[in-house]
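Notes to accompany the following structure.
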Amino acid sequence: MNITYINIAFAGYFLAIIIYFVTTAFKAQSFFRIATIIFTISFVSHTAYIFERWFIAKRPPFVGMYESIIFFSWAICLVYLVMQRRKKAKPLSIPLSLSVVLMLGAASLLDRSIKPLMPALKSNWLVIHATSYFIGYAGMAISFLASMRYLFQKSLNSPLALDLDCLSFRLVTFSFPFLTIGLTTGSVWAKLAWGAYWSWDPKETWALISWSVYAVYLHQRLLKNWQGKKAAYLNVVGFLCVLFTFFGVNYLFKGLHSYL
Amino acid sequence: MIIYAISYLNMNKFVDKIAKWLSSIKTAVIILSLVILASASGTFIPQGLADYEYMRRFNQPAYHLLRFFGFTDIYHSWWFIVLLILLWCSIFICTLKRLKFNPSTQLPTVITHLGLLIILAGALVTRILGEKGFMIIYEKHNQDTYIDTDNKFKTLNFKIYLDDFSLKDFRSKVVIHKQAQEILRETIEVNRPLSYQGYSFYQASYGRDNFNGMGKYKALSQPLKLAESLGRRPVSWWTGLEVVRDPGVPFVWCGFILLNLGIILRFYFRPNALYLKRYIDN
């Protein structure tokens, strides 16, 4: 299939990184707007690619590693753009666009042929389950970037550090409901497709583990006043669990969720 | 009622101590962390394999140790279930405590945790009362027997007749009979099970001619016995249906709705601004 749209998006995100660097290096704040406009145009092209693939494949484009990475990076850009309108997400612009470019670069090395969907998966639940998970994981990914940037700050009491700490927490509260919707709709779907709402499949188990780690994070943060370093480390652990659920499980274990 | 419940807990010193221990968030987090670790180890240690498979992978003392502590079937081991019950009690007492202090502002939190309690209770119902098995029906034949996961034959009080199996769409047209009377005519498809009298039948597999067994249903791997018990006919399609009876499901669905509702209310509708403002000011 035609890859023009995704190439435009890739080039655009790359250009945005360069302009973000210029903005930071020369403290030329007016450039930031230009970079954001280019980023947005790339996102539109990225979106067009996903819809084109959806149309050509005649099924939602969340099947296999290639489509998952394309959609995951799309969801990250979506959450970032939404967030940027309201919150000051500037300190994340470089690490975020860099991650997106790396993901798209990695995806371009993968097999991009369109694979058919196995009968057990043909359901509307796929769209709800996968979309909530991709958006939830995207939010958690950005939160992870914020926590990592926070941990690499020289002073953990600077206004920037406090902003990052706060941002990572806000993103967890934004993403956690999506993770919950994804987990529960996945369970309902498993009941419909395989007859059991829970079978301790490695994918399910690790999804539950990730969810539980974030539940611990929220309780510690909201009730035990965890902030700063401790919270950031726990958030990093949470996202490592997400990465393991998303990629690790498929490479290490055999399970029902073999299509990713 | 809540005050009564709490004062009841105060009546006995021992119970009081346990309740106090369970009422702290710290305890809840410790129990949840243990559940997380146990769940994770269950993905690395293969679960529910045959003895010889474990012997091949581990040395004998290691295998016996794993087996003794339930690590070969963690999710059904007594200590894992005890952990889940402790988690349930901890959530229950913490939620009661929340209600005591400020019921109106705690509503989303209470809904969320009530959802979790109902899900866990539903899981217990599934564990105790649930049944699961597998049945094969040859085309133009009746069937009322299935094999459960313990390899026991079980009989339904109705018969299922396979009118037609379509390979192309992977679906079975079936008719349910009870005492020679037609009750229901339905098509079973993937993602569209047939439900009748608390039983659900899922399209699981299909084949032609003899049936050679399937994974966990070991009794089915004896073709002769199977052919006798199921009345095999040569050269005909059969459909494989997963048979499930699970009275825990309504609880779990109800819990899911409350859980999602509570979490959405908590993080999207209740203003976090106050907390965050205080936090940023620090």
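Provide a single number: the residues in region B:188-215 that are over 17 Å from B:Arg245 (Cβ atoms) and either away from chain A (no Cβ under 14 Å) or at pLDDT below 60 (or both).
Result for region B:188-215: 9.
Any idea which of A:Phe246, A:Phe178 is crowded, with 21+ Cβ neighbours inside 10 Å and at pLDDT 95 or above?
A:Phe178
On the basis of being buried (at least 20 other Cβ atoms within 10 Å of the Cβ), closer than 21 Å to A:Leu151 by Cα, free of Cβ contacts under 8 Å to residues at least 60 places away in the same chain and of a type outside the set (S, T, N, Q), does A:Tyr197 make the cut?
no
Scan region A:76-98 residue by residue and report those that are buried (at least 20 other Cβ atoms within 10 Å of the Cβ) and either touching an Asp or Glu at 6+ places or on another chain (Cβ under 6 Å) or not β-branched (Val, Ile, Thr) (or both).
Result: A:Cys77, A:Tyr80, A:Ala89, A:Leu92, A:Ser93, A:Leu96, A:Ser97.
Across region A:12-67, what is the number of residues that are in contact with a Cys (Cβ under 6 Å, 6 or more places away or on another chain) and free of Cβ contacts under 8 Å to residues at least 24 places away in the same chain?
Qualifying residue count for the region: 0.
Inspect all residues belonging to region B:241-252 and state whether any of them is assigned by TED's automatic domain parsing to the domain that holds B:Phe165, within 18 Å of B:Gln143 (Cα to Cα), crowded, with 18+ Cβ neighbours inside 10 Å and at pLDDT below 80.
Checked against the condition, which is being assigned by TED's automatic domain parsing to the domain that holds B:Phe165, within 18 Å of B:Gln143 (Cα to Cα), crowded, with 18+ Cβ neighbours inside 10 Å and at pLDDT below 80, region B:241-252 yields no hits at all.
May I ask you to verify whether A:Thr205 is β-branched (Val, Ile, Thr), free of Cβ contacts under 8 Å to residues at least 40 places away in the same chain, within 11 Å of chain B (Cβ to nearest Cβ) and under 24 Å from A:Val82 (Cβ atoms)?
No.
Would you confirm whether any residue within region A:155-163 is touching a residue at least 24 places away in the same chain (Cβ under 8 Å), part of a helix (DSSP H, G or I) and closer than 19 Å to B:Ala40 by Cβ?
Within region A:155-163, none of the residues are touching a residue at least 24 places away in the same chain (Cβ under 8 Å), part of a helix (DSSP H, G or I) and closer than 19 Å to B:Ala40 by Cβ.
Residue by residue, here is whether (1) touching a residue at least 24 places away in the same chain (Cβ under 8 Å); (2) touching a Ser or Thr at 6+ places or on another chain (Cβ under 6 Å); (3) within 11 Å of chain A (Cβ to nearest Cβ) holds:
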residue: B:Leu117; (1), (2), (3): yes, no, no
residue: B:Ala121; (1), (2), (3): yes, no, no
residue: B:Leu129; (1), (2), (3): yes, no, no
residue: B:Gly133; (1), (2), (3): yes, no, yes
residue: B:Ile137; (1), (2), (3): yes, yes, no
residue: B:Tyr146; (1), (2), (3): yes, no, no
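Quick one: in region B:235-255, of everything that is more than 11 Å from chain A (Cβ to nearest Cβ) and of a type in the set (Phe, Trp, Tyr), which residue is farthest from B:Thr145 (Cα to Cα)?
Result: B:Trp237.
Checking B:Ser104 against (1) within 14 Å of chain A (Cβ to nearest Cβ); (2) outside any helix (DSSP H, G or I), which test does it fail?
Unmet for B:Ser104, out of (1) within 14 Å of chain A (Cβ to nearest Cβ); (2) outside any helix (DSSP H, G or I): (1).
Filter region A:4-21 down to residues that are within 21 Å of the chain's Cα centre (by Cα) and not hydrophobic (A, V, I, L, M, F, W, C) and give me whichever is surrounded by the most Cβ atoms within 10 Å (Cβ to Cβ).
The extreme case among them is A:Tyr13.
Please go through region B:159-181 and give me each residue that is of a type in the set (Gly, Ala, Ser), over 16 Å from B:Tyr206 (Cα atoms) and surrounded by 16 or more Cβ atoms within 10 Å (Cβ to Cβ), ordered by number.
First, pick out the residues of region B:159-181 that are of a type in the set (Gly, Ala, Ser): B:166, B:172, B:180.
From what is left, the residues that are over 16 Å from B:Tyr206 (Cα atoms) are B:180.
Scanning region B:159-181 gives no hits.
The values are calculated or read from the model by the stated rules, or taken from the named source; none is laboratory data. What you see is a predicted model, and the numbers here were worked out from it, not measured in a lab. Ideal geometry is used to build each Cβ from the backbone, glycine not excepted, and the neighbour counts take in all protein chains shown.
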